[in-house]
Amino acid sequence: MMQNVKAIVNAKIVTPHSIIENGVIVIIDDLIAECGPKGSFDVPADAQLIDANHHYVGPGFIDIHCHGGGGHWSWEQPYSFACAHLKFGTTGILPTLVYNQSREETLEGVQTIVRAMNETKTYSELIVGIHMEGPYINAKYGAIESPIRPVDPEEYNTLLSLAGDRIKVWTLAPELEGQLQFAQAAAAYGIALSVGHSEADAETIFAFANMGLQIGCHCTNATGTTPSPSRYRGSREIGVDEAVLVHDDIYAEIIPDAGGIHVRPLMCKLIHKTKGTHRVIIITDAIDEAGTAQPKAADDEKHGDIRFIEGIGVSGSKLTMDKAVRNMVNHANVSLVDAFIMASLNPAKVLKLDHRVGSVAKGKLANLVIVSERIEVKTVVFQGKVVE
């Protein structure tokens with residue numbers, strides 16, 4: 001059987017350790033066969049050349065928290081939604097359901113995503129799992145548009161039976177009654193739990209960390225408030241964000257919109273400085289409008305990538321991952337190496353997929369994005385094929 005051989009040349013390869021100047025990547029079929037400086041290995045004579053034009057080549061982005069894009073909601077048209085984000089460099093995505101959906105809508109949404117994952121379309125493997133943001137959250141926190149229902153064993157067992165380990169992340173408020181039993185049920189499927197829309201105390205969060213809680217859902221957004229009044233006048237208590245920041249094994253999600261509205265630029269810097277590069281995950285928390293239009297005016301560049309709901313406030317973004325990464329670089333003054341770790345490798349680790357994706361390395365899937373220094377997408381490669 002004839003092999004499909006490609007070689008990306010004139011590349012600045014972004015690895016988890018450094019940037020390889022004048023690098024070359026050889027792709028055979030869907031895998032990276034060689035990767036390194038020019039001249040360190042032979043390029044097959046029959047390779048189709050892809051000229052990176054001295055731009056940066058990094059692993060495709062992985063978005064673990066995304067509700068919509070391209071005019072589609074992720075639970076209604078999962079395949080079209082995933083393809084809309086692909087052209088912006090996202091080569092792995094978790095369609096994310098929301099806590100405002102009814103029981104029937106939640107079940108139907110999960111069924112629709114599972115069907116899409118079973119399809120054999122060109123890019124169906126973009127969908128690497130499901131993120132359940134709720135429905136078991138604290139009604140006091142978030143863009144709540146409908147009543148939040150209590151933890152229901154019948155409901156979550158039905159969802160677990162239907163989707164099982166295809167549910168990769170489940171966001172919950174650990175302080176709610178019935179969450180301990182739910183966490184134990186989810187643990188059987190290896191689901192990464194995420195604390196969000198919550199006012200759980202540190203002790204509760206740390207106890208759940210022993211049962212699979214690995215993520216702080218969109219840090220500094222709908223994460224409760226620091227308890228007030230404090231036990232001792234004039235001193236500060238520990239809230240959800242502080243508990244996430246101090247626990248070594250919990251990842252912190254960040255939504256870096258251009259204006260620093262979800263997360264203030266200085267807060268992006270603080271979270272990164274506290275958690276370190278290897279415990280931060282860049283997300284979009286995007287809605288259906290993401291990737292549908294570019295801001296027309298200069299003023300829109302800072303405020304055109306978020307959504308406001310009258311009477312509720314900020315509710316999701318219009319970000320794509322390339323923009324989110326660019327904003328994180330600008331807000332926190334991080335390197336491209338660090339940015340790709342936070343946008344690719346760290347989410348791959350949470351999803352237990354880092355043996356296959358998340359970094360540019362020999363033997364891994366050729367899911368790649370070629371970007372400028374400003375993280376402007378030039379070319380996307382998915383499983384060894386250039387995305388047209």
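The values are calculated or read from the model by the stated rules, or taken from the named source; none is laboratory data. Model, not experiment: these values are computed from the prediction. In this analysis, Cβ positions are derived from the backbone assuming ideal geometry, glycine residues included, and neighbour counts consider all displayed protein chains.
Scan the range 72-89 and give yes if some residue there is at pLDDT 95 or above and part of a strand (DSSP E or B), otherwise no. Yes.
Selection of the range 215-242 for residues being closer than 15 Å to TYR141 by Cβ and in contact with a helix residue (DSSP H, G or I) (Cβ under 6 Å, 6 or more places away or on another chain) yields GLY216, CYS219, THR220, THR223, GLY224. Within the range 45-53, is there a residue that is in a strand (DSSP E or B), modelled with pLDDT of 95 or more and of a type in the set (A, V, I, L, M, F, W, C)? Looking through the range 45-53, at least one residue is in a strand (DSSP E or B), modelled with pLDDT of 95 or more and of a type in the set (A, V, I, L, M, F, W, C).
With respect to (1) surrounded by fewer than 23 Cβ atoms within 10 Å (Cβ to Cβ); (2) acidic (Asp, Glu); (3) under 23 Å from the mean Cα position of the chain (by Cα), the lone exception for ASP63 is condition (1).
Across the range 323-338, the number of residues qualifying as hydrophobic (A, V, I, L, M, F, W, C) and buried (at least 24 other Cβ atoms within 10 Å of the Cβ) comes to 4.
Annotation note: of ILE250, ILE205, ILE255, the sole residue that is under 23 Å from the mean Cα position of the chain (by Cα), over 27 Å from TYR156 (Cα atoms) and in the same structural domain as LYS273 (by TED's automatic domain parsing) is ILE255. Considering only residues that are surrounded by fewer than 21 Cβ atoms within 10 Å (Cβ to Cβ) and on the phi > 0 side of the Ramachandran plot, which ones fall in the range 240-290? If the condition is that a residue be surrounded by fewer than 21 Cβ atoms within 10 Å (Cβ to Cβ) and on the phi > 0 side of the Ramachandran plot, then GLY260, GLY276 are the ones that fit. Residues GLU154, GLU119, GLU133: which one is of a type outside the set (Ser, Thr, Tyr), surrounded by 23 or more Cβ atoms within 10 Å (Cβ to Cβ) and assigned by TED's automatic domain parsing to the domain that holds GLN77? Result: GLU133 is the single residue among GLU154, GLU119, GLU133 that is of a type outside the set (Ser, Thr, Tyr), surrounded by 23 or more Cβ atoms within 10 Å (Cβ to Cβ) and assigned by TED's automatic domain parsing to the domain that holds GLN77. Listed conditions (1) basic (Lys, Arg); (2) surrounded by fewer than 21 Cβ atoms within 10 Å (Cβ to Cβ); (3) in the same structural domain as PRO265 (by TED's automatic domain parsing) are all met by LYS378, apart from (3).
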